[in-house]
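Quick notes on the structure that follows.
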Amino acid sequence: MNIYAIRAIYRFEMARAWRTLLQSIVSPVISTSLYFVVFGAAIGSHMNGIDGVSYGAFIVPGLIMLSLLTQSISNASFGIYFPKFVGTIYEILSAPVSPFEIVAGYVGAAASKSIILGLIILVTARLFVPFQIEHPLWMLTFLLLTAVTFSLFGFIIGIWADNFEKLQLVPLLVVTPLTFLGGSFYSIHMLPPFWQKVTLFNPVVYLISGFRWSFYGVADVGVGVSVGMTLVFLAICLAAVWWIFRSGYRLKA
């Protein structure tokens, strides 16, 4: 395995993040902080708790997951799309670098940026809402799995997209609505029975439920199911990336 190639791609992508610090870190943190102020401190103080957890604290894991999903996809998709756009992707493909090393460099950098962002938001949330973390190791595990999985998903979107409009299509029209409807601001047990069953087809429900369990020990679905669904989606993304490099889909055209 070419460690130097992975490190070169990784360091280049991380350096791009520091050059665009305002867009990559500051803007998402400020946007999420506004949610904490409005929903957590202002509205949450006048609402009853959910499953024994105050509303302000209840939405913390959902908001962190919302930022984590969107930023993982955005970081990874733009990271691989830009070399396609300017034509430098052919230099990478012609270099003695394997597909695994290319994916490891780009996805590793995107996941690292998302994890850093998630931890910053976690610390920032403490300034507005008191909360606890009952299972910190599980919290970090869900954070890592989600960041890697959706960075892979973003990598796939970056390969698939052939213009900047398509690059934003899936995150805006699919991922963000699924996150809002996946229990970020409520428990799915608050829904009518029919809609509870419909919501279980939303994969984001399992991510948010498992992540919330690591904070408060309460979940909409079993934590084992949450981990299993995350691993299934990870496996699907890995299979898709393998097929892309095997077939050259939108890489060699």
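Derivation of every value follows stated rules applied to the coordinates shown; laboratory data play no part. Just so you know, these numbers come straight off a predicted model, no measurement behind them. Here the Cβ is made from the backbone with ideal geometry for all residues, glycine too, and neighbour counts use every protein chain on show.
Computed on the stretch 87-222, with alpha-carbon pairs under 8 angstrom and 6+ residues apart, the relative contact order is 29 percent. Working ranking of peptides 109-117, 179-187, 227-235, 90-98 by packing, defined as the average number of other Cβ atoms within 10 Å per residue, highest first, is 109-117, 179-187, 227-235, 90-98. Screening the chain for whole DSSP H helices of 20 Å or more along their axis (Cα) with average Kyte-Doolittle hydropathy at least -1.0 returns 3-19, 55-86, 99-126, 136-160, 203-216, 223-247.
Remark: the Met190-Val218 segment gains 8.7 nm on full extension, using 0.36 nm per residue and subtracting the alpha carbon distance. Where only DSSP H runs of four or more residues are counted, the chain gives -23000 deg cm²/dmol as its mean residue ellipticity at 222 nm, each run worth -39500 (n - 2.57).
Each part reduced to its alpha carbon centroid, the stretch 171-237 and the stretch 69-88 end up 26 Å apart.
The packing ranking, built from the mean of other Cβ atoms within 10 Å per residue, places the peptides 239-251, 56-68 in the order 56-68, 239-251, highest first. Please say if the chain is rounded, prolate or oblate, where rounded means a/c under 1.5 for a ≥ b ≥ c the square roots of the C-alpha gyration tensor eigenvalues, and otherwise the choice is prolate for a/b larger than b/c and oblate otherwise? The shape class here is prolate. Compared with the alpha-carbon gap, the fully stretched path from Ser94 to Arg11 is longer by 27.9 nm at 0.36 nm per residue. Ordering of 194-201, 123-130 by packing is 123-130, 194-201, highest average first (other Cβ atoms within 10 Å, averaged per residue). Indicate the gyration tensor shape class of the stretch 72-222 (rounded, prolate or oblate), computed on the Cα atoms with a ≥ b ≥ c the square roots of the eigenvalues: a/c under 1.5 is rounded; otherwise a/b larger than b/c is prolate and the rest oblate. Prolate is the answer for the stretch 72-222, as a/c is 1.5 or above and a/b outweighs b/c. Partner aspartates and glutamates whose Cα lies under 14 Å from the Cα of Lys84, excluding those fewer than 8 positions away in the same chain, are identified as Asp162. Here the contact order of the chain, divided by its residue count and restricted to Cα pairs under 8 Å and six or more residues apart, works out to 26 percent. The H on the amide N of Ile50, modeled in the peptide plane, is under 5 Å from the matching H of Tyr55, each at least 5 residues off or on a different chain.
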